[in-house]
1. Suppose each label sits 7 Å from its Cα in the direction of the beta carbon; what would the Lys89-Arg294 distance come out to in nanometres?
2. For the chain, what is the accessible area per residue in Å² when the probe is 1.4 Å?
3. Using amide H atoms built in the peptide plane, which far-off residues or other-chain residues are under 5 Å from Ile150 H to H?
4. Roughly to the nearest percent, how much of the accessible area of the range 1-82 is carbon and sulfur, given a 1.4 Å probe?
5. Taking the Cα centre of the chain as origin, sum charge times position over the Cβ atoms of Lys and Arg (+1) and Asp and Glu (-1), and report the length of that vector in debye to the nearest 20.
6. Restricting to DSSP H runs of at least four residues, report the calculated mean residue ellipticity at 222 nm for the chain, -39500 (n - 2.57) per run over all residues, nearest 500 deg cm²/dmol.
7. Can you give me the long-range amide H partners of Ala258? Hydrogens built in the peptide plane at 1.01 Å from N, cutoff under 5 Å, separation of 5 or more residues or another chain.
8. Which of the three applies to the range 105-147, rounded, prolate or oblate, going by the alpha-carbon gyration tensor with a ≥ b ≥ c and a/c under 1.5 meaning rounded?
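The values are calculated or read from the model by the stated rules, or taken from the named source; none is laboratory data. Only a predicted model underlies this, so the values are computations on that prediction, with no experimental measurement involved. Ideal geometry is used to build each Cβ from the backbone, glycine not excepted, and the neighbour counts take in all protein chains shown. For the accessible areas, the whole protein counts, side chains as well, though only heavy atoms, and no ligand, DNA or RNA atoms are used. Shrake-Rupley method; radii C 1.70, N 1.55, O 1.52, S 1.80 Å.
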Amino acid sequence: MKPSIVSYKQLPADLQDKLEQRFSVTAFDAITDENRADFIKALGKAEGIIGANQNIDRKLLDQAPVLRAVSTISAGYDNFDVDALTERKIPLMHTPGALTETVADTIMALVLATGRRIVDVAERVKAGEWKGSVGENWFGTDIHHKTMGIIGMGRIGTALAQRAHFGFGMKIVYNTRNRNPEAENRFDAIHMELDKLLSVADYVCLILPLNPQTRHLINAERLALMKPSAFFINAGRGPVVDEAALIEALQQGTIAGAGLDVFEKEPLPTDSPLLSMPNVVAIPHIGSATFEARYAMAASAVDNLIAAMTDSIEGNCVNPQVIR
Ligand SMILES: NC(=O)C1=CN([C@@H]2O[C@H](COP(=O)(O)OP(=O)(O)OC[C@H]3O[C@@H](n4cnc5c(N)ncnc54)[C@H](OP(=O)(O)O)[C@@H]3O)[C@@H](O)[C@H]2O)C=CC1
Ligand SMILES: O=CC(=O)O
């Protein structure tokens with residue numbers, strides 16, 4: 001008999017077939033209030049699960065007594081209780097390699113859009129405000145040869161530095177807990193304490209995971225260290241930033257603008273003050289949302305699940321200490 005698995009995000013047909021050749025699959029396009037009870041029931045016999053955008057906590061894991069493999073279609077894994085999975089010796093697989101370059105493209109797009117006011121001026125053109133040669137109230141800020149501060153020089157941070165340094169001649173400064181010799185050699189990147197980075201960077205780009213150490217790492221005091229001419233970009237996770245403090249800094253004009261792919265609450269509430277600020281570019285968590293990257297992520301997650309279910313894990317495991 002084939003092992004039972006549950007998929008909780010719609011997969012491309014060929015990848016769904018690949019799973020069905022090996023497993024008995026109970027498939028949900030997404031988990032909603034309407035189908036949550038069915039999902040929990042299916043967890044009762046699931047040996048593997050694959051999907052995205054679902055909190056998998058200790059309480060939910062208690063409903064999955066025979067679970068032995070979890071595969072998320074994402075790089076971040078802050079919506080999983082990793083300790084609870086590790087205690088149960090369940091590997092958590094993720095898909096970092098499939099999206100790195102795509103997310104770096106997105107962050108560079110936010111840098112360009114905020115600095116050069118692309119969205120703001122495009123909207124003014126559509127509103128019929130372009131009546132002649134533009135004056136200073138349409139001008140933006142240069143990107144080339146400015147200083148980019150990267151908070152989180154991991155896979156995505158490195159791909160961003162590649163673009164910024166070689167494509168735009170930017171000086172790179174970065175903050176991580178451990179120095180990154182590769183970044184220092186390739187991009188002449190300078191490692192800095194966080195507060196120092198915030199005070200020197202023209203474009204502060206945050207690409208950190210969310211965990212207890214990073215939650216609200218960027219707060220009012222830290223935002224106050226930024227130059228009034230500097231832009232803040234976040235594509236890591238919303239709660240790494242105290243969003244109320246960010247709104248306050250933008251309202252007070254202590255920073256020049258923000259480019260945001262992630263928010264404390266997603267979808268961003270329609271009454272968020274961020275949505276009425278012309279110097280804010282808010283996009284709907286689309287860091288990896290290209291046809292190519294989303295397919296690659298799904299394919300990687302399917303292969304990861306198969307590897308975990310067949311005791312042949314070679315990488316992409318968040319808690320490798322559980323591998324037998
Ligand atoms: N917007 C989107 O669509 C996407 C967002 N993401 C987010 O981006 C995050 C990063 O992805 P990726 O680059 O692949 O991950 P990596 O694990 O490769 O990089 C994480 C980096 O963060 C640093 N870091 C971790 N904790 C801290 C800390 N407390 N202070 C300073 N630096 C820290 C790490 O260095 P060190 O350990 O030395 O501190 C490392 O350089 C993901 O966890 C996810 O949340 C990912 C994909 C898409
Ligand atoms: O935010 C997206 C991810 O893959 O993590």
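1. It is 3.8 nm.
2. Values: 15950 Å² over 324 residues.
I get 49 Å² per residue for the chain.
3. Val173, Tyr174, Asn175, Cys205
4. On the way: 1970 of 4210 Å².
Percent of accessible area from carbon and sulfur atoms in the range 1-82: 47.
5. For this selection, approximately 380 debye.
6. Here the helix-only value at 222 nm equals -9500 deg cm²/dmol.
7. When sequence neighbours closer than 5 places are left aside, the close amide H contacts are Phe232, Val280, Val281.
8. Values: a/c = 4.21, a/b = 1.70, b/c = 2.48.
In terms of gyration-tensor shape, oblate.
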